[in-house]
1. Looking at A:Ala268, A:Ala264 in this structure, which one is within 20 Å of the chain's Cα centre (by Cα) and small (Gly, Ala, Ser)?
2. Just checking: which of the helices (runs of 4 or more DSSP H) contained wholly in the stretch A:207-274 hold 3 or more residues that are under 18 Å from A:Val189 (Cβ atoms)?
3. Which members of the stretch B:281-320 meet the condition of being in contact with an Asp or Glu (Cβ under 6 Å, 6 or more places away or on another chain) and hydrophobic (A, V, I, L, M, F, W, C)?
4. Going through the stretch B:312-365 one residue at a time, which ones are among the basic types (Lys, Arg) and in a loop (DSSP other than H, G, I, E, B)?
5. Within the stretch A:165-224, which residues are of a type in the set (A, V, I, L, M, F, W, C), over 14 Å from A:Leu269 (Cα atoms) and within 14 Å of chain B (Cβ to nearest Cβ)?
6. List pairs: first residue in the stretch A:6-18 and at the interface with chain B (Cβ under 7 Å from one of its Cβ atoms) and more than 25 Å from B:Leu308 (Cβ to Cβ), second residue surrounded by 18 or more Cβ atoms within 10 Å (Cβ to Cβ) and of a type in the set (Asp, Glu) anywhere in the structure, Cβ distance under 7 angstrom, at least six positions apart or on different chains.
7. Which residue out of B:Leu123, B:Leu99, B:Leu116, B:Leu161 is within 16 Å of B:Thr57 (Cβ to Cβ) and at pLDDT 95 or above?
8. Scan (1) within 13 Å of chain B (Cβ to nearest Cβ); (2) touching a Ser or Thr at 6+ places or on another chain (Cβ under 8 Å); (3) modelled with pLDDT of 95 or more for the single condition A:Leu24 breaks and write down its number.
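The values are calculated or read from the model by the stated rules, or taken from the named source; none is laboratory data. Source: prediction; values computed, not measured. Cβ coordinates were reconstructed from backbone atoms using ideal geometry, including for glycine residues, and neighbour counts include every protein chain displayed.
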Amino acid sequence: MSDFSSRFARSDFRLLVAGGVLLLIAFGIAFVREVDPEWADAQDEVQAIVQERLGAEKAAELPTGIQQIWIEPLDRVDRCTTCHTTIEWGAELAEAPHPARSHPQGLFGAHPVESFGCTLCHGGQGWATSADAAHGNVAFWEEPLLDTERAKRYGLSRSELMELRCAYCHQGLEPVDGMPLLNAAKEKVFDCLDCHRLPGLENDKPSAPDLGREGEKHPSKYIFPEGFEGERSVLNWHIEHFLDPKKMSPGSAMPKFGLSRKDAAGLALLVMSWRRQDLPAAWTPKTGE
Amino acid sequence: MSGDGWSPRALWRGFFPETPREGADAIVQNFLLHALPVRITRRALSWLATGWLGTITLHIFLVLCLTGGVLLFLYVPSIERAYASVKDIEYVVSFGSWLRGTHRISAHLMVAAVVLHLVRVFLTGAYKKEGAPGAFRPLNWWVGVVLMMLTFGLSFTGYLLPWDQLAYWAITVGTQIAGSVPFVGDEVRMLMLGGDTVGQSALLRFYVLHCFVLPAFMIYLIAYHMWRIRKDGGLAVTDRVVAEARETARVAPPSPGKTYTLMGATQGVNAQAASPASLLARESEAGGVSIVRRTVAIFLIVLAICSLLGLAMPAQLEEPANPAVTPNPAKAPWYFLWLQELVSILTFRIGDTLIDGSFLGGVLVPGILIGLLASWPLLDRSPAEAAGVWFHPSRKRQNRVFLLLLFAAVILTIIGTFFRGPYWMWVWPWDPSHGHASWV
């Protein structure tokens, strides 16, 4: 027996125990995270609101677990409905606090949620199942949720900012119902034809850059002047550029047009929407629609 | 136990050897244990002799096999699905984020551990050719160098799989450097990528290499690496114990009555047994229990640390791979940044001629270093006593040069990681960096 009593027996045994304990801690943390995810708290919150406003019977109808809208032709999956479980519950929850608030039903007519999902119009990260990541307020996610707070940074309302995403599909220079800011911009944009080529409009002698696909230019290609304060976004670059072209693009031949900030924002959003559209036929809106 | 029926104790029988003979039998007869020594010297068991870095590396590899084995069921190696499948692992697969985080951090740790292991072996002269009769340690050193390169290869191929911007551009930079080899560079790059740019064929090649080819080589060579340790008479530090025992034996011959009691089990097949056994026995203990206990303890600690780090530092996933948007700067994986830094230092302009440092810094320098590493056991002229000893005086100069080169690589890696910004210009880590703009 004595031959097995290693000089290291005691310290190694302690190490063994320490390893076991550490491992249990790791497994414990992982287990707790797994059984109590962030979205479960959100579902509880919705549950409580529905119970309070509509009674326990209604609350029992709420789905549990991760929910998703999968739109195969668009290759999109939106898991927003994991927390926002009641978006289709209509007027009864129209004024309820998030995440229990229902979606305005009118827009669902032309854009049924089961074939459009959420992020196509709202932005955000459909894959995600935690609030920050889903709302796109994380590193490496390029399309954040277009919410009121973000719109305020540009002096816009939420629906005005969202017109950008409307215009990703509803392209062309015809006015479209429900897009007042961009419709106003479309009226002004024909003046740009003096120098630029615009999407769908020919210009035989353009003296300025072709803007046909300006909306595809990646944010990393935009250069901000030294010491630029304020939002470092493509939208802001375009707004500032419309207000004072030489400030953002030194040496530019483009004159100042004396636009209001709102007009500039409308034009900026319009320019940003000029990108190729890659939609199955069934999703492509008709002209002026 | 014959005749008195089945007892649940039968399940455990054999796991608790009661005599040294049984302990030795357990090692010899058990497949999983047969790579372990029957007897081990206390000096080899100590922490200071080796830091147990090889064992630690092996266990990190096991953690990688465990987590990677599960990820195999979840990841789709197609450029359309790869990124989305990683997002799903992050957001909807049970324990997925933990699994991926642990796999990633373990991969980084394995690169670090394997390099530290090599440093230890060098500084203790454990690769030296002067050993016990029949031993030839340089062979295991060469296997080790190949294992290190396999580790880099596994890490590098795994880098591409998430198919995000980090992956795409790190592999683009890495394979561009490989493409700077004179005459056959383009062919080498083509062989790696299966095309001119990083695309579906590259992803598939990297996937198959990462999940099947390289791990298979790795597992085979690790087994061989461990078997060689036995054939070389145990760790190099054991040679010292044996030599010292011989010295003492010469002064005071052992009583013959004691030679067979402890060493009987080994049948005189290894280096320890070839030495005066009674003296050596005093320096050693039965291998089975001590080593199994030590190994399991290290495995638990390694698994626990990797798991905890995987929870604390979840793996990032950048934007989807976009060939049209080059990050500035595009950086290779961190353990290759000293080479990228070298490439940038060696790239300069004389008049109108641009001297491209890719071949010099990215191929020639690492090639020479690997060649030196491989041939060093044959070039090292220090005496036999220098094997298995930390910083032996006779190896002072080579240790200094080795540490200097290592230090240079570490410094360049740190510079490349933290002090290089757009256009590979110097930046301070605390300078505000704007990154690129957002859309809205």
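1. Details: A:Ala264 fails: within 20 Å of the chain's Cα centre (by Cα).
Result of the check over A:Ala268, A:Ala264: A:Ala268.
2. Numbers: elements: A:234-243, A:245-248, A:261-272.
Ranges flagged: A:234-243, A:261-272.
3. B:Ala286, B:Ala297, B:Leu317
4. The initial filter retains those residues of the stretch B:312-365 that are among the basic types (Lys, Arg), namely B:331, B:349.
B:Lys331 - this is the single residue of the stretch B:312-365 that is among the basic types (Lys, Arg) and in a loop (DSSP other than H, G, I, E, B).
5. Of everything in the stretch A:165-224, those that are of a type in the set (A, V, I, L, M, F, W, C), over 14 Å from A:Leu269 (Cα atoms) and within 14 Å of chain B (Cβ to nearest Cβ) turn out to be A:Ile223, A:Phe224.
6. Sorted first by the residue in the stretch A:6-18, then by its partner, the pairs are A:Ser6/B:Glu285.
7. Values: B:Leu123 fails: within 16 Å of B:Thr57 (Cβ to Cβ); B:Leu99 fails: within 16 Å of B:Thr57 (Cβ to Cβ); B:Leu161 fails: within 16 Å of B:Thr57 (Cβ to Cβ).
Going through B:Leu123, B:Leu99, B:Leu116, B:Leu161 in turn, the sole match is B:Leu116.
8. (2)
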